Ligand SMILES: [Cu+2]
């Protein structure tokens with residue numbers, strides 16, 4: 001009996017480990033995150049403001065939902081974007097997250113308004129929202145290029161204000177360390193140690 005139970009336990013463990021491994025390998029993380037602050041901006045900004053940007057790629061890979069939250073911005077918020085660019089390098093705008101400036105950007109659906117000073121704004125981006133950054137190889141509507149840049153940690157979110165029109169807070173979007181992977185890794189680690 002003891003031997004049988006052990007066999008079942010080991011077999012169960014093996015199945016769980018295999019399923020976990022396949023799950024991680026079959027699907028790249030879909031949840032991205034950025035912490036925004038002035039020190040990430042180009043040029044570097046000393047600002048008491050901060051924020052977070054959470055993004056989620058849809059199951060079919062055709063859209064991306066986002067939630068941008070910030071606080072402590074002392075002057076009017078102009079707009080917020082996702083840019084193409086590696087850390088500390090300024091890059092072109094691939095998509096608007098929100099705007100308070102008129103006229104709205106041409107050729108894309110009207111972005112939601114940005115909260116003033118502090119708040120949260122959410123939305124969904126798809127091919128229709130992607131703007132051309134010709135000098136950096138992104139064509140209008142090229143959602144695959146947009147997602148590829150995000151997954152390669154080559155995109156950042158930022159918020160522009162009256163005081164800092166080039167951007168007051170910024171953060172690189174990364175797809176590592178999502179909550180789903182954290183629990184999966186701890187299970188896999190325990191099983192691997194046995
Ligand atoms: Cu921007």
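The values are calculated or read from the model by the stated rules, or taken from the named source; none is laboratory data. The structure displayed is predicted, hence computed values, not measured ones. Heads up, the Cβs are rebuilt from the backbone with ideal geometry, glycines too, and the neighbour counts pull from every protein chain shown.
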Can you find, within region 155-193, the residue that is modelled with the highest pLDDT among those that are more than 14 Å from the ligand (Cβ to nearest atom) and touching a strand residue (DSSP E or B) at 6+ places or on another chain (Cβ under 6 Å)? 175
Out of region 60-78, which residues are within 24 Å of residue 148 (Cβ to Cβ) and over 12 Å from the mean Cα position of the chain (by Cα)? 60, 61, 62, 63
Single match in 69, 75, 102 (criterion: in contact (Cβ under 8 Å) with a residue 24 or more places away in the chain and surrounded by fewer than 15 Cβ atoms within 10 Å (Cβ to Cβ)): 75
State yes or no: is residue 92 within 10 Å of the ligand (Cβ to nearest atom) and either under 16 Å from residue 162 (Cα atoms) or surrounded by 15 or more Cβ atoms within 10 Å (Cβ to Cβ) (or both)? yes
